[in-house]
1. Testing the spin-label approximation: label points 7 Å from Cα along Cα→Cβ at GLN19 and VAL39. State their distance in nm.
2. Report which label in (i) 12, 44, 31, 12, 1; (ii) 14, 48, 33, 6, 0; (iii) 13, 47, 37, 3, 0 holds the value of P(r) over Cα pairs in 10 Å bins from 0, in percent derived from the coordinates of this structure.
3. Work out how much length TYR55 to ASN69 would gain on full extension: take 0.36 nm times their residue separation and subtract the Cα-Cα distance, in nm to one decimal.
4. Report the relative contact order of the chain, percent, no decimals, based on alpha-carbon pairs under 8 angstrom and at least 6 residues apart.
5. Arrange LYS83, LYS91 by Cβ neighbour counts within 10 Å, fewest through most, would you?
6. For the range 7-113, what is the percent of antiparallel DSSP beta bridges, rounded to the nearest 5?
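Every number here is computed from the coordinates shown, using simple stated rules; none is lab data. Just so it is clear, the model here is predicted, and its values are computed rather than measured. We place every Cβ from the backbone using ideal geometry, glycine too, and count neighbours over all the protein chains shown.
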Amino acid sequence: MTEEERLVVIRFGRDWDEQCMRMDELLYRVADRVKNFAVIYVCDIDEVPDFNKMYELYDPCTVMFFFRNKHMMCDFGTGNNNKLNWVLEDKQELIDIIETIYKGAKKGRGLVISPKDYSTKYRY
């Protein structure tokens with residue numbers, strides 16, 4: 001609530017979930033690189049269930065972005081612009097996403113376009 005200049009990145013999920021553990025590891029590895037323009041938090045959806053309905057947190061692991069207490073949306077090409085609900089493997093990809101959202105937020109945009117299109121990631 002008091003973070004005025006940095007992007008707030010929140011990982012919603014369960015601490016014991018495998019996907020969350022992998023995402024937490026990635027977030028931990030990028031935290032030092034993005035500390036000047038982003039701050040990262042984790043929230044266990046079982047311990048703090050208040051946001052589950054509000055943000056439709058049904059996935060095992062969800063990452064959401066906020067700037068000046070306003071939800072930031074990012075178009076990943078998946079149809080869901082509200083959140084990142086899969087595990088990224090590359091830390092540079094995550095840094096690029098956080099940086100892109102931060103730059104858009106500083107310009108007053110509520111929706112930014114992801115640097116990479118993820119629409120083909122889950123091709124069956």
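1. Distance between label points: 2.8 nm.
2. Matching the structure shown: (iii).
3. Working it through step by step, the gained length comes to 3.6 nm.
4. 30 percent
5. So the residues, fewest neighbours to most, are LYS91, LYS83.
6. 50 percent
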